Every structure is written in C-alpha cells, then in structure tokens.
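Structure, as structure tokens:
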2 protein chains.
Amino acid sequence: MSDVLVIDDDPPLVRALVINLKAHGYTVRAAGTGAGGLRLAAERPPDVVVLDLGLPDLDGTEVIAGLRGWTDVPILVLSAREHSREKVAALDAGADDYVVKPFGMDELLARLRAALRRGSAQPDEPTVVTDDFTVDLAAGRVSAGGTDVRLTPTEWRLLEVLARNHGRVVDHRRLLLDVWGPAYQDQTNYLRVFMATLRRKLEPDPAHPRHLLTEPGRGYRFEI
Amino acid sequence: MSDVLVIDDDPPLVRALVINLKAHGYTVRAAGTGAGGLRLAAERPPDVVVLDLGLPDLDGTEVIAGLRGWTDVPILVLSAREHSREKVAALDAGADDYVVKPFGMDELLARLRAALRRGSAQPDEPTVVTDDFTVDLAAGRVSAGGTDVRLTPTEWRLLEVLARNHGRVVDHRRLLLDVWGPAYQDQTNYLRVFMATLRRKLEPDPAHPRHLLTEPGRGYRFEI
DNA sequence: GGACGGCGTCAAGAACCCGTCAAGGACGGC
DNA sequence: GCCGTCCTTGACGGGTTCTTGACGCCGTCC
C-alpha cells in the first residue's frame, strides 16, 4: 500500500503514529531529524510525508523547501503551535495540510487519505500492442503500420471493450451492453457487422483474423 | 484571478469572506444554500470551493458528493463542529481540507492558496508548441507567427483543455464539463461554434485543420 | 444426408453529426 | 445611456455513420 514518511522528534508520538499507520496497512518509515527525513525521502520517494515542526536541527519551512525542490509529494504538517503565522508560513512554503496537536488519530488518518487521494488520481490506461496494430487506450487512437486508423465511434467502443479484456472471451451480452446499452442485448447481428468492419480496418487478412477472434456461440476475444 | 465559490448560510461570515477574498484579488461568488451552491458551480466551474457544513437544506457530505460527481475542484470545509467524526466524514466524502471555526482569515487564505496550488499543479510541459502556433499554459497566452493571438475566455478554456490533453481524444462530454459545467453536457453545438473560431484564429487553413482535429462522433483532439 | 443455428458479407435508406453563418441578447466599460 | 465584445441559439447543407434486412457459408446435430 502507500508509503508514509514520518519526520518527528517526539518518540512516544512517533510510536503511536507508526503503530496506527501500520495497523491501517501503510508502510511507514520514521526519522527523528529534518536532515534524516530528507535523506530517507531521497533514498526512496514516499507517497506522503507527515512532518512535525519543531525539529531539533532544521526549521519546518526548511524541510518543506528541501522536499519541494524536487517532489510534489503531499506534506502534512503537525504542530503544537496554534499561532496562525506558523500555519501560514508552512502552508505557503508548500505544505498541503496543517494539523494542530493534540489531534485525533482518526482525523489524521482521514486527512492522510485526502492527501493521498489527491496525489494519485490517475488510473493508468495501458496501450495494447499486437504484431499488426496498436491500441492506445489513453489517447483513444489506433495505429496500424505507423499510420492512424480512422474508426467510427461505435467501432472504437467495441474495440475498446475487447482491448481492455484482451486475452479473455467477452460475452455477446457484455459487448452489446457496454457498446449499445441494455436495450440491445439481443442484437447479435450488430456485433457481426461491426466486427467485420474492425477486421477490415485492422487485420492484414480480414477473412482469417489473428487478433479479433470469434468464439462461436459465446462471444469474441482480443488476442495479442 | 482565481474564482472562489463560497457556500455558507451565515451572512456576516459570508460578508467577511467576500470582502477579504476580493481584497486579495479573487473573484467570489456566494450561495446561502447547498442547492444554490451546486447550481452556481454548475453554471461556471469555480477554481476552489469554500463550504460551510450546517447548511439549511443539504447535509455537507451531500454537497461534496454533488460536486465530486463531476469535478475535482478543491473543496475547503468550514465547520463549527469540533467532533472528529464530522471531519472524517467530510474528508472521506472528498473534501480537501477542514477548518474549524473560529479561524483566522490569514490561515484560511493560506489554506486556500495551498488548495489552489495543488489544483493547478500541472506536472507536464507548461507550453505546447506546434508548427503554426504556441500555447503557453502557464502564462495563459497563445501566439502565432510571433504575435499574440487574442482569445476570449471561453475560447481559451477550450484550447487549454485540449492542449493539456494533446495527443488524446477528448470527449464531447469532458470538454463541455470542463469548459461550461455539468449543465451543458448535451450542448455539442457550443463545441462546434467555438472550435470554428479557434480554428479561424489559429489554423493556417481553417477548413483543413492540422492541429485542432475532429474525431467524428467522439470529440476533438489537439495534435502537434 | 438434411435441417438448423450461428456467423460473415453486402447494400440501401434513415438518422445523426459536423461546419458554417447570422441574429439576438447579456454583460461590462466608457 | 451608449457601444463593443462575447456568448447563446437556431437553421441549413453536406457528409458520414448506424441500422436493418437479405443472402450464403459452414459446422453441428438429428
């Protein structure tokens, strides 16, 4: 799961944090000094940093600046200081959130989840490559022999469903549901028509497809 | 500058917020109810939302859910309730930050800056360059043939979404959502009109665009 | 061997999408 | 209050895409 770096010089608090974070499935590393924290972060970039101000060696904003120099990792600041000037300074230095001690552990965990949610908000969509053509799911494009292939919207949606499930047989019903909607679950002839055009556009020998395969009586399968 | 949407039913507080935010150069809109806030957000997507819990009509998490259904805009929650259960619920519903009343205005402004900083953190190239024109995403400017091109706000927002996703097909729905808001998801004619003006201003031969391409039935694509 | 169901192919009309233009209206600046 | 800019809205023609039905092939099952 997610990798949390705790930078704090208060041993009891660090212990409590580590125990609670590990109990929730996080991987935790801890440093007692600002310099140590920066070193750990440089070794392996964490997914989120929990930073206590009031470290013995460095000022909080210095640690933040040291991290912000090379990473956008979310930084959650802990502090006993209520003064808003401290908060403003930390936030403007690049911190993402500021929690005043004492705090509830569930609140901290919730703020951590919020910070992580922001940091990792991109579902990666791979590109599916065969010998004869390439399907770029993120870009929404298909190319064969170096040039783009023009697909109509329906052709694309059909190919997309198959490509996302490549290697598996996709049901007639599933395909019709995903491409045309629930009212078309019996129109298997649609599949025949559009599979034909896809093969014409993508397969070197449309009559003997190598990638867009028919599974008689069941559905179709995209094979790489 | 940035567009802030305040959703709060406490008139004195709203007044204070509006005055302070405007004094710092923000554009501010305010709503006294959750439904009104959602409506304003739908009319024109704000850059950040300041949301008071304890609204007369909707629960705070409902408002958050209503926004999160279509946008990733940062949400900063205000609340008089200290209870951590409230905080956890709001943060897990999708809020980005949680400030307990009473709060200092400078702290709120700092948290707002932090939220905006995150929201606009575009990791990739700040300028997109084609053979015929240059889009400077950081500066918000476009130039063709060495001179600046004047774009209207809507034209710019449309071009910005396309440029940030250059090389990819961007859905009709996504474009309408990001530029006009969720109330306009079906107004594809807006896209036609504004794509035409963009092409007239940027393409050497608007009738045969080289960069602002149509993907029939799906959307548009910015190609370098 | 024949009937049958599943599949691929083809073609034609309908439906839809896109680019274009222009008029009306909202908004803000002077 | 006037003027200019910008956004909204409707209409139209041309082109593309989807739908639909018919036909033939092939394998399987009776």
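What follows draws every value from the coordinates through simple rules; no lab data is involved. Please read these numbers as outputs of a predicted model, since none were measured by experiment. Quick reminder, even Gly has a Cβ in these numbers, built from the backbone with ideal geometry, and neighbours come from all protein chains shown.
Computed from backbone phi with θ = phi - 60° and the Karplus coefficients 6.51, -1.76 and 1.60, the 3J(HN,Hα) list for the stretch B:13-20 is 5, 4, 4, 4, 4, 4, 4, 5 Hz; x is used for glycine and proline. Backbone geometry of the stretch B:147-153 corresponds, through the Karplus equation with coefficients 6.51, -1.76 and 1.60 at θ = phi - 60°, to 3J(HN,Hα) couplings of 10, 5, 10, 7, 10, 6, x Hz, x marking Gly and Pro. Against chain B, whose longest principal axis is taken from its Cα atoms, helix B:84-93 shows a tilt of about 20°.
Based on Cα atoms of the protein assembly as shown, Rg over Rh with Rh as the Kirkwood radius reads 1.02. Scalar couplings 3J(HN,Hα) for the stretch A:77-82, obtained by applying the Karplus form with A = 6.51, B = -1.76, C = 1.60 to θ = phi - 60°, are 9, 9, 7, 8, 7, 7 Hz; x denotes Gly and Pro. Projecting the Cα atoms of A:129, A:37, A:66 onto the dipole axis of the stretch A:36-194, where Lys and Arg carry +1 and Asp and Glu carry -1 at the beta carbon, places A:129 farthest toward the positive end. Remark on the stretch A:119-224: ratio of C-alpha radius of gyration to 2.2 N^0.38 Å is 1.06.
Put a plus charge on the Cβ of each Lys and Arg, a minus charge on the Cβ of each Asp and Glu, and nothing anywhere else: the dipole of the stretch A:82-224 about its Cα centre is then about 360 debye. Taken about its Cα centre, the protein assembly as shown carries a charge dipole of roughly 1000 debye when the Cβ of each Lys and Arg holds +1 and the Cβ of each Asp and Glu holds -1.
A convex hull fitted around the alpha carbon atoms of the stretch B:20-160 yields 131 Å³ per residue. Copy-to-copy label distances for residue A:187, where each label lies 7 Å from Cα along Cα-to-Cβ, are 3.0 nm in order of increasing length. With its label point put 7 Å out from Cα toward Cβ, residue B:23 sits 4.5 nm from the same residue's point in the other copies, in order from shortest. The length gained on full extension between residue B:134 and residue B:105, counted as 0.36 nm times the residue separation minus their Cα-Cα distance, comes to 6.5 nm. Among the residues of B:86-98, the average count of other protein chain beta-carbon atoms within 10 Å of the residue beta-carbon is 5. With the label put 7 angstrom out from Cα along the Cα-to-Cβ vector, residue B:104 ends up 2.5 nm from the copy partners, going from closest to farthest. Beta bridges per DSSP, both residues in chain B: antiparallel share near 45 percent.
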